[in-house]
Amino acid sequence: MATKNYADAMLDVLSSFMEEDPTFVVMGNEVLGIGPEAMQFGSFQERYGERCYFPPCSEAAYSALAAGAAMCGQRMLLHLGLAPFAYPAFSTIASEVSTARQGSGGRVSCPVTYHMSHGLLHGGAAQHSESPLGMFWNVAGIEIATPWEPGDLKGLLTAALRSDNPTLVITHAFGYGTEGEVPDGDYEIPFGEAAVRREGADVTIVGCSMMAAMARQAAESLAEDGIDAEVIDLRTLVPLDERTILDSVAKTGRLVIADEGRMRCGVASEIAATVAEHGFDSLKAAPARVARVDAPVPGNQVQEAYLSPSAEKIVDAAKQIVGGVPAPA
């Protein structure tokens, strides 16, 4: 194992596929964002320049180009940029990519991997701060990975690029500089396997992407008050590891779900519904959701923080269902 940041882990995978497959390509603009990690893409581009494509900014056009190329056998990673920029590509993903195999009677597959970055940018406002995980989750026929740890990014991105299924790899906009242990050599994590980041007995906290890290922060704070929280990092939404969630709730009897998306029709809502349907008898209290308020994200950072989930809000939700502590006004 080596300690690497998110950007290094991603470039490790892309370099490996470039070396293994001389036809593999990377397409998109600002693949590693616009922060300091963007410089790391420079050497990659110098080495594989002829297979790094930077198309004009038309997500509707190049998402369709990637889909058609994949249906013809081309393997690639298409970077769509920030998650809100993927909205113009939604028609292609939902109507063509996700339905190709079924619509063709199994004759055509679409093994394309789309990558995008979601999450609050601390002043990015509505057009740069979306977390549409729930929206894409509602599209049948695609797989979705939401890694936060650099090692998970390497393993899940490798699995995605090898898969014959269309896949979304949704990382967090603040994740590129995050450091962690990354396994050496070939490394793949099967989709549908959540990770228990911290074991506990009093309450289960579930999150994905940056919310998994925030859940761990909340768990450490709760421990200081004598509350033992178990933390589950979903890692993938499709397929969803329901078993790990339900087993944890059967042990703790309580559930908090942290979601950077909005309260309605989001990740938190789906997890809460799943546990209510399949694990109701285990619950000692109603599941608590900590998610973004149903409003556009403002550019003002104070207002943004008020509308958004945080470790403190997760702590408050957990205390309320564990000990009956009133929720803050």
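The values are calculated or read from the model by the stated rules, or taken from the named source; none is laboratory data. Predicted model only: the values in this text are computed from it and were never measured. Cβ placement follows ideal geometry from the backbone for every residue including glycine, while neighbour counts extend to all protein chains displayed. The protein model used for the area step is the full one, side chains on, heavy atoms only, and it has no ligands, DNA or RNA in it. Shrake-Rupley method; radii C 1.70, N 1.55, O 1.52, S 1.80 Å.
Since only Ala194, Val31, Phe136 are under comparison, the one whose Cα sits farthest along the positive direction of the charge dipole of the chain, derived from C-beta charges on Lys, Arg, Asp and Glu, is Phe136.
Projecting the Cα atoms of Leu153, Thr171, Asn300 onto the charge dipole of the chain (Cβ charges, centred on the Cα centre) puts Asn300 farthest toward the positive pole. Surface exposure of segment 262-329, expressed per residue as accessible area with a 1.4 Å probe, stands at 57 Å².
Taken about its Cα centre, segment 233-329 carries a charge dipole of about 200 debye when Lys and Arg each add +1 at the Cβ and Asp and Glu each add -1 at the Cβ. Please report the base-10 log of the normalised intensity I(q)/I(0) for segment 261-320, using a Debye sum with one equal scatterer per alpha carbon and no solvent, at each q in 0.22 (1/Å). At q = 0.22 Å⁻¹ the computed log10 ratios are -0.93.
Computed from Cα positions, the angle between helix 150-162 and the longest principal axis of the chain comes to roughly 50 degrees. Taking only Cα atoms, what is the 0 to 90° angle, nearest 10, from helix 242-252's long axis to the longest principal axis of the chain? In the chain, helix 242-252 runs at an angle near 20 degrees to the longest axis. A Cβ-based charge dipole, computed about the Cα centre of the chain with Lys and Arg at +1 and Asp and Glu at -1, lands at about 780 debye. Under 5 Å between amide hydrogens, built in the peptide plane, is the criterion, and for Gly81 it picks out Ser117 among residues at least 5 positions away or on other chains.
Here the label points at Arg198 and Phe90, each 7 Å from Cα along the C-beta direction, are separated by 3.5 nm in the simple model. Among the listed values [x] 60, 45, 40; [y] 96, 49, 28; [z] 79, 37, 33, the one matching Cα extents along the principal axes in Å as calculated from this structure is [x]. With all projection directions averaged, the alpha carbon convex hull of segment 12-55 covers 3.0 nm². Please give the FRET efficiency for Thr3 paired with Glu312, using the beta carbon to beta carbon distance and R0 = 25 Å, rounded to the nearest 0.05. Calculated value: 0.30. Relative to the longest principal axis of the Cα atoms of the chain, helix 6-20 runs at roughly 40 degrees.
Between segment 255-273 and segment 114-147, the C-alpha centres lie 14 angstrom from each other. For a straight C-alpha distance cut-off of 17 angstrom, the lysines reachable from Lys319 (same-chain residues fewer than eight places away being disregarded) are Lys284.
Only aspartates and glutamates eight or more places from Lys4 in sequence, or on another chain, were considered; those with a Cα closer than 19 Å are Asp12, Glu37, Glu149, Asp152, Glu179, Glu181, Asp184, Asp186, Glu188.
When the helices of the chain are scored as -39500 (n - 2.57) per DSSP H run of n ≥ 4 and the total is divided over every residue, the value at 222 nm lands at -10500 deg cm²/dmol. Dimensions of segment 153-247 based on its C-alpha atoms, expressed as ranges along the principal axes with the largest first, amount to 46, 31, 24 Å. On segment 104-226, 43 percent of the accessible area sits on carbon and sulfur atoms, based on a 1.4 Å probe.
Solvent exposure of segment 63-157, expressed per residue, is 34 Å² of accessible area, with all protein chains present and a 1.4 angstrom probe.
If you bin all the Cα-Cα distances of segment 1-142 at 10 Å, starting from zero, the percentages per bin are 11, 38, 36, 14, 1.
Note on Lys251 and Gln301: the extension gain reaches 14.2 nm, defined as 0.36 nm multiplied by sequence separation minus the Cα-Cα distance.
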